[in-house]
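Since the structure comes first, as structure tokens, the remarks are kept for the end.
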């Protein structure tokens with residue numbers, strides 16, 4: 001395991017500008033949520049454009065062959081492929097997986113939403129959270145979590 005702060009933390013302002021030069025605003029606006037917000041006149045902050053670049057640069061720094069992510073990360077994963085090409089690397093293979101609903105049964109599982117089951121939680125806590133999942137949603141858990 002590696003932390004991206006190792007390579008991102010070493011980047012100065014000039015490095016960030018060079019990284020940003022590999023992607024255009026027009027390409028960023030191809031992302032569905034950016035396009036909708038732009039068309040409706042809602043603001044898009046610059047840091048929101050930098051996030052896909054930073055995530056994509058992770059693939060460059062790691063010289064990734066394959067990257068796995070949720071369907072909500074497809075745009076960012078494809079940014080990684082483009083950046084790898086720009087940096088002279090073979091573009092990674094991108095695999096996306098469906099999102100798993102959290103214990104609330106509505107939103108994607110997320111620590112920030114508090115609807116997650118942590119892999120390092122005590123067994124009793126995990127059991128309680130799993131038992132709180134609705135019977136209907138349990139079939140989706142079975143489908144996405146078993147091989």
- Message: Modelling each spin label as a point 7 Å along the Cα-to-Cβ direction, I'd like the residue 65/residue 27 distance in nm, to one decimal.
- Response: 2.5 nm
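Pulled fully out, how much extra length does the chain show between residue 39 and residue 108, if you take 0.36 nm times their separation in residues and subtract their Cα-Cα distance?
Net length gain for the segment: 22.2 nm.
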- Query: What is the diffusion coefficient of the stretch 4-97 in µm²/s, taking the Kirkwood radius over Cα pairs and the Stokes-Einstein relation at 25 °C with a viscosity of 0.890 mPa s?
  - Reply: 178 µm²/s
- Message: Please report the equivalent ellipsoid semi-axes of the stretch 77-147, computed as sqrt(5 x eigenvalue) of the Cα gyration tensor, largest first, in whole Å.
- Response: 33, 14, 11
- 0 to 90° range, to nearest 10: angle between helix 74-86 axis and the chain longest Cα axis: 30 degrees
- Query: In which sequence would 96, 24 go, from the one with the fewest C-beta neighbours within 10 Å to the one with the most?
  - Reply: 24, 96
- Computed label-point distance, nm, for sites residue 140 and residue 4 using a 7 Å Cα→Cβ extension: 2.6 nm
- Using Cα pairs closer than 8 Å and at least 6 residues apart in sequence, work out the relative contact order for the chain, in percent. 15 percent
- Note on the structure: Taking the chain and counting helices only, DSSP H stretches of n ≥ 4 at -39,500 (n - 2.57) each over all residues, the nearest-500 ellipticity at 222 nm comes to -14500 deg cm²/dmol
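Each value in this text was obtained by applying a stated rule to the coordinates, not by laboratory testing. Everything numeric here is computed off the predicted structure, so don't read it as measured data. Every residue, glycine as well, gets a Cβ built from its backbone with ideal geometry; the counts of neighbours run over all protein chains shown.
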